[in-house]
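In what follows, a structure is listed as structure tokens, so that the remarks can point back to it.
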Amino acid sequence: MAMGKGYARAYYGTEHATAVQRKSSAHLLISGVSNAYTLEVLRVFGNPILQVLKGLSFESAMVPDPKRCNSCKDSASSRDSPEWTRPSPFPDEVLDRVLSLMESHKDRSSVSLVCKDWYNAERWSRSHVFIGNCYSVSPEIVARRFPNIRSVTLKGKPRFSDFNLVPQNWGADICSWLAVFAAAYPFLEELRLKRMAVSDESLEFIATSFPCFKSLSLLSCDGFSTDGLKSMASHCKNLTELDLQENVMDDLGGGWLSCFPENFVTLEVLNFASLNSDVSFDALEALVTRCKSLRVLKVNKTITLEQLQRLLVRAPQLVELGTGSFQQDLMPRVYAELESAFNNCKNLHTLSGLWEANFLYLPVLYVASAGLTFLNLSYACLRSNELANLVAHCPSLRRLWFAVIIVSKTEVLDTVEDKGLEAVGSSCPLLEELRVFPADPFDQDIVHGVTESGFVAVSRGCRRLHYVLYFCRQMSNAAVATIVQNCPDFTHFRLCIMNPGQPDYLTNEPMDEAFGAVVKTCTKLQRLAVSGLLTDLTFEYIGKYAKNLETLSVAFAGSSDLGMQCVLGGCTKLRKLEIRDCPFGNAALLSGLEKYESMRSLWMSACNVTMNGCRLLAKEMPRLNVEVMKDDESDDSQADKILKIASLETARKQM
Amino acid sequence: MSMPFEEHDYIGLSETPAMENSEKLASKGLNLKATELRLGLPGSESPERGNGLGVLKGFISGAKRGFSDTINGDSGKWVFTGNGGSDVDLGKNGALFSPRSVNGSGSEGTSLKEVVPPSPKAVHEKKPQISAVNGHGVAPAAKAQVVGWPPIRSFRKNSMAVNPPKSDEDAKLGSGCLYVKVSMDGAPYLRKVDLKTYSSYMELSSALEKMFSCFTIGQCGAHGVPLRDGMSESRLMDLLHGSEYVLTYEDKDDDWMLVGDVPWEMFTVSCKRMRIMKSSDAIGL
């Protein structure tokens, strides 16, 4: 209920507010009441907060003392305090109703801190649990606290495992979690896994142990094959979602798609874009035809344009489409049919795939592009002018991902790809997110890529830009300063100057002032990735100004321990810190002792930390999981890779 | 905690898993500071960007080079000059690139599709130079291959690398260049031209004749058409348009067509390779 949600948000907030604020909100909620009959009203109208304001009567003095609430979370002893155990001012029905509207896990965490009753109400009403690091808590503890979970999101390996920095068989296996879930949550419906190790046996276990299972999403996972998908397709009678993104898996063939039974009709989301094998098109077409609720379909590149047309005709209700190969010689009749099929997709707002997009066929998209809000061209390899032409038809675009294309050597080198970005700046004023990936050069030509001018051009035209991931070959402090002046609302600023340690190309100075400008101007910044030649000054700026920063990625930067110390000391909301190839040593590592428990994880690799430093850290902070990974060739005293996870367990069990 | 550290034996510790095939790919797209395999622009990308391409400047000489020029004797590794490639390739003017380097470190992103083995071992994580890029003449050997940099997911790297056009390696539809092979009957080796650098059939013809004139000098035509000494510029053109040779191309449907029938733009899109045929073979087109 939109209005109800709005009220809930207004009072409980979306920020991780302190219990004090919660208390004030609660106070407001319960004042000005009349009688209890409105409980019926709210059941009927489902607009609880509004009715509560008008209706119920309670003693406002029943609200717990704020000071007590703050200390609730610190130690168990405070839970014996009278304030903690004082009965809640709300009848349970009201609280439950309110809680049922709350989805944000941060808000729910806050609610659970107010008092014992609210803690209990919250844990019984929670249906979705988010575990940001699978080693921060054991499945048993989760099952004990939350008895009614229907949906789990789990993240496993450190992010740097995406870039081959984490050894194989490191862990993050889902199987131990599944064993607990099978016992505690037999009605589990959804699993969303990121960077977890998932075997075919686990997939079969899921398919056979949870009769209500509906939704599986695997992102950057590894360890399974298409055989596991066969199990899912064959056994999950109520499956609504099968979403596979960028997993490292064995593609043994497309036969899994044919395993969906003929009476299976519930699918809403199907994403197999990252698989390489052919699937039976007949099976796919039949599946799409009978699943009338299908709203997301992302096929792989073996699906041709002609086949795509046939699928679109069956599923004009699609909201998100990932095409297959966009390169095929089409007869004019088929071209017209394809265009007509796109024309009939009135609800399309996300488009991806477009593998090897042939610019001749892109115009078929124009009929559907006015409503597009997310365009993922990162595999399309478009030239700048092709990109410009396409985005000119996408005025509603909010998110754009694309990969820089190789250009001919004889074109003007510095602005060809930038021209595409200029077009974006002028055509897409509503753009909020931009990701520019470097294309992998697979021909003899020189890749020039985008420069700072493309980024500046986008920032001029797209003032709402708040998320950027930008790979480039040159950048200047002045350009970044201009960019953040144009777009001060950045929440995610990830700049990758691809040559490590590269200075400002105009002045040859470090890029300190660039990131200084970012943190000074963008007060809402939550995530930052830095690159280029950086001294400790960058980190002084970050520590001083980036007060909302939660995630920081650093590579090939910094001059001394001071850099890391500034960040650990200054960034109060820091949750994840990942560092590679920086001159930070034991002093820096140990300066963050107080901080690490409130952080989800810290990663340091190829820095100057030694084994002794790690031992000291582990000794001082026994509640942390400290893990050292050593490369074979390295010195015994050098700690090559360290991972720290704040955990409720004393040791990470090797799965 | 009594035993803070336990030893675990990870299999394949920090080695690249075989399934990713990333060794080959890492040297292509990942790290563009590959030491031995460089694409050097003659007199272009200034080494003050620290990519050390200056090392290769000396290789560019003159307009015409044979295959041997492209091989640098270093343990059989290919050194690619200009836009390199396994085929000999000269741009229009023999100079490979406009000498002006605009994009500071752009060229260091050069990388090769046909990476001749052994590619530098991608898995060793060597510490690259963190200190300030000192600029000129940084030798390529100083920039070691770096694991996991730039930070692009393996999946994306692999996808891009295996995503060349379905047509053969010579032509790429819809991209910024269209290199096509040009063969000439009787010539010992083929040439490659970038169709995007020309805007008309005339330009293409004159470029081709420059390229192939060396093969026709001194040659006595099979049909007894003697060639003059001191070939004039138009001679090959006459040959091409006259009875001796015919310029043909293979289109996307794998048919051999006569050059010149369709508008230039359509030709560039549909041409996969070209062949300068002897007119005796061209009967039937």
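Side notes on the structure shown:
- Counted residues, the range A:351-389 - those being of a type in the set (A, V, I, L, M), in a helix (DSSP H, G or I) and within 12 Å of chain B (Cβ to nearest Cβ): 2
- Search result, residues across the range A:255-298 that are in contact with a Gly (Cβ under 6 Å, 6 or more places away or on another chain) and aliphatic (A, V, I, L, M): A:ALA273, A:VAL279
- Just one residue in the set A:ARG527, A:ARG494, A:ARG464 is within 11 Å of chain B (Cβ to nearest Cβ) and of a type in the set (Lys, Arg); that residue is A:ARG494.
- Filter result for A:CYS607 (surrounded by 22 or more Cβ atoms within 10 Å (Cβ to Cβ), touching a Lys or Arg at 6+ places or on another chain (Cβ under 9 Å) and modelled with pLDDT of 95 or more): no
- Close pairs from the range A:159-173: first more than 7 Å from chain B (Cβ to nearest Cβ) and under 16 Å from A:LEU193 (Cα atoms), partner part of a loop (DSSP other than H, G, I, E, B) and not basic (Lys, Arg), Cβ under 6 Å, at least 6 apart: A:GLY171/A:MET655; A:ALA172/A:CYS134; A:ALA172/A:GLY156; A:ALA172/A:MET196; A:ASP173/A:MET655
- Residue that is farthest from the chain's Cα centre (by Cα), among those in the range A:101-129 that are surrounded by fewer than 22 Cβ atoms within 10 Å (Cβ to Cβ), modelled with pLDDT of 90 or more and outside any helix (DSSP H, G or I): A:SER127
- Positions within the range A:196-220 being without any contact (Cβ under 8 Å) to a residue 40 or more places away in the chain and under 18 Å from the mean Cα position of the chain (by Cα), in sequence order: A:LEU216, A:SER217, A:LEU218, A:LEU219
- Which listed residue is within 23 Å of B:THR197 (Cβ to Cβ), surrounded by fewer than 16 Cβ atoms within 10 Å (Cβ to Cβ) and either modelled with pLDDT of 60 or more or among the β-branched types (Val, Ile, Thr) (or both), from B:GLU265, B:GLU209, B:GLU233, B:GLU250: B:GLU265
- Test: residue in the range A:361-381 that is small (Gly, Ala, Ser) and under 22 Å from B:ILE152 (Cβ atoms): yes
- For the range B:186-206, a residue qualifies if it is among the β-branched types (Val, Ile, Thr) and at pLDDT below 85, and exactly one does: B:THR197.
- Which listed residue, of A:LEU602, A:LEU534, A:LEU589, is more than 14 Å from chain B (Cβ to nearest Cβ) and outside any strand (DSSP E or B): A:LEU589
- Count of the range A:249-299 residues, restricted to those that are assigned to a helix (DSSP H, G or I) and surrounded by 15 or more Cβ atoms within 10 Å (Cβ to Cβ), is 14.
- Set side by side, the residues A:THR538, A:THR551 differ, and just one is among the polar types (S, T, N, Q), within 21 Å of A:LEU469 (Cβ to Cβ) and more than 25 Å from the chain's Cα centre (by Cα), which is A:THR538.
- Counting only residues that are within 14 Å of chain B (Cβ to nearest Cβ), in contact with a Phe, Trp or Tyr (Cβ under 9 Å, 6 or more places away or on another chain) and part of a strand (DSSP E or B), the range A:554-586 holds 5 of them.
- Which numbered condition A:SER202 fails, given (1) within 29 Å of A:GLU597 (Cβ to Cβ); (2) in contact with a Leu (Cβ under 7 Å, 6 or more places away or on another chain); (3) modelled with pLDDT of 95 or more; (4) not basic (Lys, Arg): (1)
- Tally, over the range A:587-616, of residues that are closer than 18 Å to A:ARG575 by Cα and either small (Gly, Ala, Ser) or touching a residue at least 24 places away in the same chain (Cβ under 8 Å) (or both): 17
Residue-wise test of (1) more than 26 Å from the chain's Cα centre (by Cα); (2) modelled with pLDDT of 90 or more.
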site: A:ALA439; (1), (2): no, no
site: A:ILE446; (1), (2): yes, no
site: A:THR451; (1), (2): yes, no
site: A:VAL458; (1), (2): no, yes
site: A:ARG463; (1), (2): no, yes
site: A:SER476; (1), (2): yes, yes
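- Scanning the range A:502-515 for residues that are within 8 Å of chain B (Cβ to nearest Cβ) and either of a type in the set (Val, Ile, Thr) or under 21 Å from A:PHE437 (Cβ atoms) (or both) yields A:GLN502, A:TYR505.
- Any hit, the range A:193-202, residues being among the small types (Gly, Ala, Ser) and crowded, with 20+ Cβ neighbours inside 10 Å: yes
The values are calculated or read from the model by the stated rules, or taken from the named source; none is laboratory data. Quick caveat: nothing in here was measured; it's all calculated off a predicted structure. FYI the Cβ positions are ideal-geometry reconstructions off the backbone, even for glycines, and counts take in every protein chain you see.
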